[in-house]
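One structure below.
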Amino acid sequence: MTSQIDPWVRDILRCPVGQHKLLDDTNDAGEPILVCEQDCPTEGQRRSYPVRDGIPVMLADESTISAR
Ligand SMILES: [Zn+2]
């Protein structure tokens, strides 16, 4: 399964909270998401960002805290 996001877009995307890279994943509903590659420094946890219609929503307010 390949990402719906263009590789060059994925490459420049960074977590707006921790400024680190993001990994492709899917949520419990099977929808594509981007997950922090490492812990967000301010939270000690990772965030999941939704991808809507192939467009990553890189907003901290739209993200979901993930404890993994
Ligand atoms: Zn992060």
If we keep just the residues of segment 20-47 that are assigned to a strand (DSSP E or B) and among the aliphatic types (A, V, I, L, M), which is most open to solvent (accessible area, probe 1.4 Å)?
Leu23
List every residue pair whose Cβ atoms sit under 8 Å apart, with the two residues 6 or more apart in sequence or on different chains, where the first one lies in segment 7-21 and is over 12 Å from Leu34 (Cβ atoms) and free of Cβ contacts under 8 Å to residues at least 60 places away in the same chain and the second, anywhere, is near the ligand (Cβ under 8 Å from one of its atoms) and charged (D, E, K, R).
Val17/Glu43; Val17/Arg47; Gly18/Asp39
Of Leu34, Leu22, the only residue that is in contact with a strand residue (DSSP E or B) (Cβ under 7 Å, 6 or more places away or on another chain) and more than 9 Å from the ligand (Cβ to nearest atom) is Leu34
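The values are calculated or read from the model by the stated rules, or taken from the named source; none is laboratory data. All figures in this text were calculated on a predicted structure; none of them were measured in a lab. When we count neighbours, we look across all protein chains shown, and the Cβ atoms used for this are built from the backbone with ideal geometry, even at glycine. Heads up: the accessible areas ignore ligands, DNA and RNA and are worked out on the full protein's heavy atoms, side chains in. Shrake-Rupley method; radii C 1.70, N 1.55, O 1.52, S 1.80 Å.
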